[in-house]
Amino acid sequence: MSKTATLKIDDQELELPVIVGSEGEKAVDVRKLRATTGYITYDEGFGNTGSCQSEITYIDGEVGILRYRGYPIEQLSEKCSFVEVAYLVIYGELPTVEQRERFSAALTEQAPLRAGMERFIQNFPRDAHPMAVLSSSLNALGAYYPNIASNNHKRDLEHFDEAAAIALSKVRTIAAHTYRVNNGLPLNYPKKDLGYSENFLHLMFSAPYDEYVATPEVAAAINFFFLLHAEHEQNCSTSIVRMVASAGANLFASAAAGVNALWGPLHGGANQAVLEMLNAIHADGDDGSKFIEAAKNGKARLMGFGHRVYKNYDPRAKIIKGSFDKALDSLGITDDSLLDIARNLEAAALSDDYFISRKLYPNVDFYSGLIMNALKIPVEMFTVMFAIGRMPGWIAQWHEVASNPKAKINRPRQIYVGPVPRDVPDVV
Ligand code: SDX
């Protein structure tokens, strides 16, 4: 007998179905509430609202669990590459050797951009924020590949593997080209024999007569960073990807919308904001204690802390922190003043009741910015790095919407609180 919830409302008493997920999460199914009672639910910010049923990622925010397709992030980060995890997130299973080779070959084939897209990127102002260029360029892919971005989901799904490879491979090339143009540098071109992260670093940092060859440690740190960001269920930007996809839009347009949401400083833009915060604290000669007081007085926000879902340590932050010393050692970095400040902030926040009572723990962005800083990734590229890592998640979530025959266009309701009905005066 399936579980139900009883709702007493006005003179009605109705039984609402309860949906139970594979990890025991429970939801009251209110899809018939308005038709039955005339009432809607109200949940500004959607913190208590399930927008979909998904098979991709499971998060337990209270305990600090994150699993991609059932595999714990801790094991994936130790045993798999970003490309293998991207395949898992997109297709639901870890790839066989043959599947991985085919997938890698598709990513290699799709790495270069069309000449017109290169010119498109080169025509942005040199001080354009890379996220503005990235969202525009991802959207522009729909113009260069109209046959797989037709906004007819049935047709677009027939070309899904190609669209997925284009999005996952070209997001990296677009990002690197943007960095080169912003810095007045000539574009580099992908190399067939390099892995995903190694090719990205080559595209970013090779000079005309001096090819950048990533050390295994640096490539591993980038690979690790992308992997930890690959998916995170219905966060703000992924919800936008699904919302846009629900209207029938193609993968590139949906991902471009996700980039714009991720750019916000409360979301993916936090990694850039963390570095800017640490640099400001350092410039102020503060060891972090002054800043902590300002945050407790509501005069500052401790960027990289807090989360809409994790009310315990973000497991990704724990993993990044654990690998951080190894990454610094491999990069030959012994002391890092910003890292000292970060450690002071974390120690202070984890022992201070203001943060403990509000369940504010470090999130993925707190340490990721420090790793990218150590890797000499420029701060304005930090959120772009997050977007590259998150692309597999956006692709998988778009596919879940596009391939669901019962999917409906997303159209939330509202409670109107504006002016009561009135007539336009004769003389306006
Ligand atoms: C990501 O959702 C995802 O999955 C996102 C993400 C992903 O992988 O996609 O995990 C990536 O976006 C991580 C979050 C990165 N953002 C930041 O680090 C920015 C700093 N964090 C905050 O802005 C904030 O914590 C949020 C936005 C992340 C979460 O906000 P909530 O849960 O809505 O918390 P809130 O704004 O309701 O604040 C509750 C209280 C308030 O104080 P009171 O009004 O109770 O006195 O906590 C305070 C807030 O002022 N607070 C903070 C704080 N975050 C919340 N105070 C100081 N510093 C902070 N960072």
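The values are calculated or read from the model by the stated rules, or taken from the named source; none is laboratory data. Everything numeric here is computed off the predicted structure, so don't read it as measured data. We place every Cβ from the backbone using ideal geometry, glycine too, and count neighbours over all the protein chains shown. Surface accessibility is based on the protein's heavy atoms, side chains included, excluding ligands, DNA and RNA. Shrake-Rupley method; radii C 1.70, N 1.55, O 1.52, S 1.80 Å.
In nm, to one decimal, how far is the modelled label at residue 75 from the one at residue 128, with both set 7 Å along Cα→Cβ?
Distance between label points: 4.4 nm.
With the crude spin-label approximation of a point 7 Å out along Cα→Cβ, what separation in nm comes out for residue 11 versus residue 333?
Distance between label points: 7.0 nm.
Whole-Hz ³J(HN,Hα) for each residue in the stretch 131-137, computed from phi via Karplus 6.51 cos²θ - 1.76 cosθ + 1.60 with θ = phi - 60°, x for glycine and proline: what do you get?
Once rounded to whole Hz, the list reads 6, 5, 5, 5, 5, 5, 6.
Determine, for each peptide in 133-142, 87-96, 239-248, the mean count of other beta carbons within 10 angstrom over its residues, then list the peptides with the highest first. Walk me through the numbers before you get to the answer.
On the way: 133-142: 22.8, 87-96: 19.2, 239-248: 21.1.
Highest-to-lowest ranking by the protection proxy: 133-142, 239-248, 87-96.
Give the calculated FRET efficiency between residue 161 and residue 41 to the nearest 0.05, with a Förster radius of 35 Å applied to their Cβ-Cβ distance. Present the calculation step by step, with values, prior to reporting the outcome.
Working: r = 39 Å, r/R0 = 1.10.
With R0 = 35 Å, the Cβ-Cβ based efficiency is 0.35.
Out of residues 5 or more away from residue 300 or on other chains, whose amide H comes under 5 Å of its own, with H placed 1.01 Å from N in the peptide plane?
295
Can you list the residues, at least 5 places off or on another chain, whose amide H is less than 5 Å from the amide H of residue 69, using H built in the peptide plane?
Result for residue 69 returns 57, 58.
Using just the helices of the chain, give the 222 nm mean residue ellipticity in deg cm²/dmol: DSSP H runs with n ≥ 4 each add -39,500 (n - 2.57), and the total is spread over all residues, rounded to 500.
Values: 19 runs with 224 residues, N = 428.
Computed mean residue ellipticity for the chain: -16000 deg cm²/dmol.
What does the accessible area of residue 26 come to, in Å² to the nearest 10, when a probe of 1.4 Å is used?
140
Just how many % of Cα pairs in the chain lie over 41 Å apart, if you round to the nearest whole percent?
On the way: 18570 of 91378 pairs.
Summing the P(r) tail past 41 Å for the chain gives 20 percent.
Residues with beta-carbon under 12 Å from that of residue 357, excluding residue 357: net charge, scoring Lys, Arg +1 and Asp, Glu -1? Display every interim value, and only then the final one.
Details: positive: 296, 311, 358, 359; negative: 352, 353.
Counting the neighbours of residue 357, the net charge comes to +2.
Take the solvent-accessible surface of the protein heavy atoms, probe 1.4 Å, and return the percent of it on the chain that carbon and sulfur atoms account for.
Numbers: 11200 of 21530 Å².
C and S fraction of accessible area: 52 percent.
When Lys and Arg each count +1 and Asp and Glu each count -1, what net charge do the other residues less than 15 Å away from residue 106, Cβ to Cβ, add up to?
Working: positive: 100, 102, 170, 172, 192; negative: 84, 98, 101, 109, 161, 162.
It works out to a net charge of -1.
Return the distance in nm (one decimal) between the two label points of a simple spin-label model at residue 20 and residue 53, each offset 7 Å from Cα along Cα→Cβ.
1.4
How much FRET efficiency would the formula 1/(1 + (r/R0)^6) give for residue 282 and residue 351, where r is the Cβ-Cβ distance and R0 is 25 Å, rounded to 0.05? Intermediate values should be presented prior to the final figure.
Working: r = 22 Å, r/R0 = 0.87.
Step by step, r from the Cβ atoms, then E = 0.70.
May I ask for the Kirkwood hydrodynamic radius of the stretch 157-316, worked out over all distinct Cα pairs and given in angstroms to one decimal?
Details: mean 1/r = 0.0537 Å⁻¹.
Kirkwood radius, the stretch 157-316: 18.6 Å.
Quick one: Karplus J couplings for the stretch 307-314, per residue in order, coefficients 6.51, -1.76, 1.60, θ = phi - 60°, nearest Hz, x for Gly and Pro?
Along the stretch 307-314, the couplings run 6, 5, 10, 6, 10, 8, 4, 4 Hz.
Can you give me the long-range amide H partners of residue 305? Hydrogens built in the peptide plane at 1.01 Å from N, cutoff under 5 Å, separation of 5 or more residues or another chain.
363
List the lysines whose Cα sits under 17 Å from the Cα of residue 408, skipping any in the same chain fewer than 8 residues away.
Straight-distance partners of residue 408: 32, 154.
List the pairs from 326/376; 170/191; 321/359; 8/311; 170/406 whose alpha-carbon separation is above 22 Å, in the order I gave them.
Working: 326/376 16 Å; 170/191 13 Å; 321/359 19 Å; 8/311 32 Å; 170/406 31 Å.
Violating the 22 Å Cα-Cα cut-off are 8/311; 170/406.
List, in order, the whole-Hz ³J(HN,Hα) value for each residue of the stretch 3-10 obtained from phi through the Karplus relation with A = 6.51, B = -1.76, C = 1.60 and θ = phi - 60°; use x for Gly and Pro.
5, 9, 10, 9, 10, 9, 8, 6
At 0.36 nm per residue, and after removing the present C-alpha to C-alpha distance, how many nm does the segment from residue 294 to residue 358 gain when stretched out fully? Let's see the in-between values first.
Details: separation 64, 0.36 × 64 = 23.04 nm, distance 1.58 nm.
Extra length available between residue 294 and residue 358 comes to 21.5 nm.
Relative to the compact-globule scaling 2.2 N^0.38 Å, provide the ratio for the alpha-carbon radius of gyration of the stretch 17-61. Display every interim value, and only then the final one.
Values: Rg = 12.2 Å, N = 45, 2.2 N^0.38 = 9.3 Å.
This ratio for the stretch 17-61 stands at 1.30.
Taking the chain as a Gaussian network, Cα atoms linked when under 10 Å apart, which of 38, 389, 21 shows the biggest mean-square fluctuation?
38
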